[in-house]
Amino acid sequence: MINKWTIGLAAAGAVSWASVARGEEAPSPLSSLSSTVLSGYVDTSAQWNLGDGVSHAPAYKYGGASRADGFNLDVIKLTIERPLDESQFAAGYKVDLFFGPDAEVLATKSTAAAASDFAVKQAYVVLRAPVGNGLDFKVGVFDSVIGYESTEATENPNFTRSWGHTFEPSEHTGVLASYHVNEHVAFSAGVADTLSPQINGRSGSGSPLAGQNESYKTYMASTSLTAPSDWKFIADSAFFAGIVSGWNGGIAPGASQQNYYLGATLNTPVNGLRVGGSFDYAKTDKTLTAVAGVAGTPFPSFEAHSFAGYMSYQVFDKLSLHGRLEYADITPLAASLAQGAGIGLPSSVLSTTVTAQYDLWKNVLSRVELRWDHALDGTDAFGGTTPMHIQSGHTVTGSQQDSFIIAANIIYKF
């Protein structure tokens, strides 16, 4: 039988039909493509920010003023993958590509590259060594080991992202080792160039560590625990913990940053109801990098916390409801300067998100969402019709303490 990849290549002129005909008689050098998997999705949305302006729209990751009050193409994702097989020395690869506005936010551009609507989300070779149950290595660009929510919109219970996700690292370039002790316990540990998503970035970039890249890397570790099947109603519940520590942090480029994470997803005695929780803590040292728009002002050291609770309820086969309640804070001075840099976070915020998902069409994820963010520090952090700016005392003035968002999200998965 002639595989579909070969037919496609022949139709495109990459191989001749004569060689396709001979494919039944002799092995083809393209035969390895038969184990390659192609998948992805197209992610679109519409969003309405209630109020008198969006200059200070809540700028959680993949949000902000550019997505407000209109229709959006968020991202096109394409995955090309050859998964590991069951052999002792198995090998494979995975490439995740982003096209569209989310690609620019992801910011995995190579050193000195301009911003682009194209990004390499992941691109790694995966290798298995016959150590115990099998020790797997990812070599290249891979997702961070921490976080309750994912860069992948399809894997999150809500459409909009949390504040905790906003100050977590997203991608790294390096080596990550993973090991499953058994079906209940797994570990991972790795080393990368930097904590930032920039591909081939170096710790000396924009810092006093120039020329010392070999000594300053980013280190990470995580563990996951899954409850055994005999643990009554919490069977198959999952618990996570992780840390990422290194130079060149995402919020404050040119600084040393540490991120700590705890998370859990729990089954309940109520059929179809699951609850979850996460804790994120980020801390940076003072950086010598100036804040955008504030000449000569270094970004101060900061601490940020996020406490989030999640609820998901499967009403019936096609309808599910999802909720998130989050408290987040960041060092007040750093929050003020972050506003000036366009990050958009008051020093403390309470956020409530409610999402209804109804799967009417095959392969389509469709949901509507209501989100409310409230500035607990008493500042008018949201709304407004003027760009973000810094006033005396590093105070940013919007027009309201509350932000209300109505959003719809349609994703086709292939």
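Among residues belonging to region 231-248 that are touching a Phe, Trp or Tyr at 6+ places or on another chain (Cβ under 6 Å) and either at pLDDT 95 or above or in a loop (DSSP other than H, G, I, E, B) (or both), point out the one that is most open to solvent (accessible area, probe 1.4 Å). Going through the qualifying residues, I end up with Ile243. Quick check: anything in region 60-72 touching a strand residue (DSSP E or B) at 6+ places or on another chain (Cβ under 6 Å), open to solvent by 40 Å² or more (accessible area, probe 1.4 Å) and in a strand (DSSP E or B)? Checked against the condition, which is being touching a strand residue (DSSP E or B) at 6+ places or on another chain (Cβ under 6 Å), open to solvent by 40 Å² or more (accessible area, probe 1.4 Å) and in a strand (DSSP E or B), region 60-72 yields at least one hit.
Beta carbons closer than 8 Å, at least 6 apart along the sequence or on distinct chains, pair a first residue in region 30-51 that is part of a helix (DSSP H, G or I) with a second that is of a type in the set (Phe, Trp, Tyr) and modelled with pLDDT under 95 for Leu33/Trp5; Ser34/Trp5. Based on what the data block shows, is Ser196 among the small types (Gly, Ala, Ser) and either in contact with a Gly (Cβ under 9 Å, 6 or more places away or on another chain) or not in a loop (DSSP other than H, G, I, E, B) (or both)? Answer is yes for this residue.
Among residues of region 80-107 that are in contact (Cβ under 8 Å) with a residue 60 or more places away in the chain, those with a beta-carbon under 9 Å from a residue that is assigned to a strand (DSSP E or B) and basic (Lys, Arg) at least six positions away or on a different chain give the pairs Leu106/Lys121.
Scanning region 93-108 for residues that are closer than 14 Å to Phe142 by Cα, at pLDDT 95 or above and open to solvent by less than 60 Å² (accessible area, probe 1.4 Å) yields Lys94, Val95, Asp96, Leu97, Phe98.
Of the listed requirements (1) under 20 Å from Asp329 (Cα atoms); (2) open to solvent by 60 Å² or more (accessible area, probe 1.4 Å); (3) modelled with pLDDT of 95 or more, Glu303 misses just one: (3).
For region 172-183, the criterion of being of a type outside the set (A, V, I, L, M, F, W, C), open to solvent by less than 50 Å² (accessible area, probe 1.4 Å) and closer than 28 Å to Asn409 by Cβ is met by at least one residue. On the given criteria, is Lys94 charged (D, E, K, R) and outside any loop (DSSP other than H, G, I, E, B)? Answer is yes for this residue. Kindly indicate whether any position in region 184-203 is open to solvent by 30 Å² or more (accessible area, probe 1.4 Å), closer than 26 Å to Leu135 by Cβ, hydroxyl-bearing (Ser, Thr, Tyr) and at pLDDT 90 or above. No: region 184-203 contains no residue that is open to solvent by 30 Å² or more (accessible area, probe 1.4 Å), closer than 26 Å to Leu135 by Cβ, hydroxyl-bearing (Ser, Thr, Tyr) and at pLDDT 90 or above. The residue of region 27-76 that is farthest from Leu350 (Cα to Cα), among those that are at pLDDT below 90 and among the aliphatic types (A, V, I, L, M), is Leu30. Looking at Ser162, Ser150, Ser144, just one residue is touching a Pro at 6+ places or on another chain (Cβ under 9 Å) and within 30 Å of Asp373 (Cβ to Cβ), and that residue is Ser144. Residues in region 346-371 that are farther than 17 Å from Tyr60 by Cβ and not in a strand (DSSP E or B): Asp359, Leu360, Trp361, Lys362, Asn363. Take the conditions (1) modelled with pLDDT under 85; (2) touching a strand residue (DSSP E or B) at 6+ places or on another chain (Cβ under 8 Å); Ala292 misses just one of them, which is (2).
Candidates in region 110-123 are the residues that are in contact (Cβ under 8 Å) with a residue 40 or more places away in the chain and surrounded by 16 or more Cβ atoms within 10 Å (Cβ to Cβ); of these, the one that is farthest from Ser188 (Cα to Cα) is Val120.
Of all residues in region 157-167, those being under 12 Å from the mean Cα position of the chain (by Cα) and surrounded by fewer than 23 Cβ atoms within 10 Å (Cβ to Cβ) number 1.
Whether any residue in region 258-279 is at positive phi, at pLDDT below 95 and in contact with a Phe, Trp or Tyr (Cβ under 8 Å, 6 or more places away or on another chain) is what I want to check.
Checked region 258-279: at least one residue is at positive phi, at pLDDT below 95 and in contact with a Phe, Trp or Tyr (Cβ under 8 Å, 6 or more places away or on another chain).
When restricted to residues that are small (Gly, Ala, Ser), surrounded by fewer than 19 Cβ atoms within 10 Å (Cβ to Cβ) and assigned to a strand (DSSP E or B), region 124-156 contains 1.
The values are calculated or read from the model by the stated rules, or taken from the named source; none is laboratory data. Keep in mind that this is a model prediction, so the values were computed, not measured. Cβ atoms come from the backbone with ideal geometry, glycine included; neighbour counts cover every protein chain shown. We work out accessible area using only protein heavy atoms, side chains counted, and drop any ligands, DNA or RNA first. Shrake-Rupley method; radii C 1.70, N 1.55, O 1.52, S 1.80 Å.
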